[in-house]
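Novice: I have a structure here, written as structure tokens, and I will follow up with some questions on it.
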Amino acid sequence: MEATPMTPDEIDAVARRAQEGDRAAMEQLLGELRPRVLRICQGVLPYSDDAEDACQEALLSISAKLDQWHRRGRFTTWLHVVALNSARSTYRRLKNLAAPTDVAPLERPDPRTTSVIAGTRLDLLEALETIEAEHPAFVQPLVLRDVYGLAYDEIADQLELPLGTVKAQIHHGRKLARPLLRGAR
């Protein structure tokens, strides 16, 4: 029988114990978080091996940067930011690997690079990359709200920004994303 997933309150409690140096709590936390982190990464990366790689990187980041969760917001909100950054980082790395090369036309393409090119989320990822080049502050709030559906106050707590700033960043991010997404279709 499968274990029941922890509630956000239970995850917060285990994360606090892990922050205080409890190794068993860290192992329990990472085990509990893995499915959540993988789902977040799969939300960005269409190829399962790429999502798995990003998930592993995110779990390593979580364990290394656990002291950066300031306990003001939910741990799961902080987790979304770390996992999303890992998935986007993996996407960028794969995009660079997918740069055109002198490949014989009949060679079978590598699925790790074509998954990024053919992925259903390519338009959104490309739009985010474009926005980030000139307005990096708009990307995280926009993704946390419109992709992951987090509440504005959760986003403000996690990003340590005033609520009004978060709402403005999301508004401006959406204005910039609309024409980029319309043009992609």
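Novice: In Å, what Rg and Dmax follow from the Cα atoms of the range 7-81?
Specialist: When restricted to Cα atoms, the range 7-81 yields Rg and Dmax of 12.1, 36 Å.
Novice: Next question. If R0 is 25 Å, what FRET efficiency do you get for residue 34 and residue 126 from their C-beta distance, rounded to 0.05?
Specialist: Once rounded, the FRET efficiency stands at 0.30.
Novice: What does the accessible area of residue 40 come to, in Å² to the nearest 10, when a probe of 1.4 Å is used?
Specialist: My reading of the accessible area for residue 40 is about 10 Å².
Novice: Next up: Report the label-to-label distance for residue 168 and residue 147 in nanometres (one decimal), using points 7 Å from each Cα along the Cα→Cβ vector.
Specialist: Modelled inter-label distance: 2.5 nm.
Novice: Quick one: length gained pulling residue 10 to residue 24 fully straight, 0.36 nm per residue minus the C-alpha distance?
Specialist: 3.6 nm is the gain from fully extending residue 10 to residue 24.
The values are calculated or read from the model by the stated rules, or taken from the named source; none is laboratory data. Since we're looking at a predicted model, the values are computed, not measured. So basically every Cβ, Gly included, is an ideal-geometry build from the backbone, and we count neighbours across all protein chains shown. The area values use the complete protein model at the heavy-atom level, side chains included, leaving out ligands, DNA and RNA. Shrake-Rupley method; radii C 1.70, N 1.55, O 1.52, S 1.80 Å.
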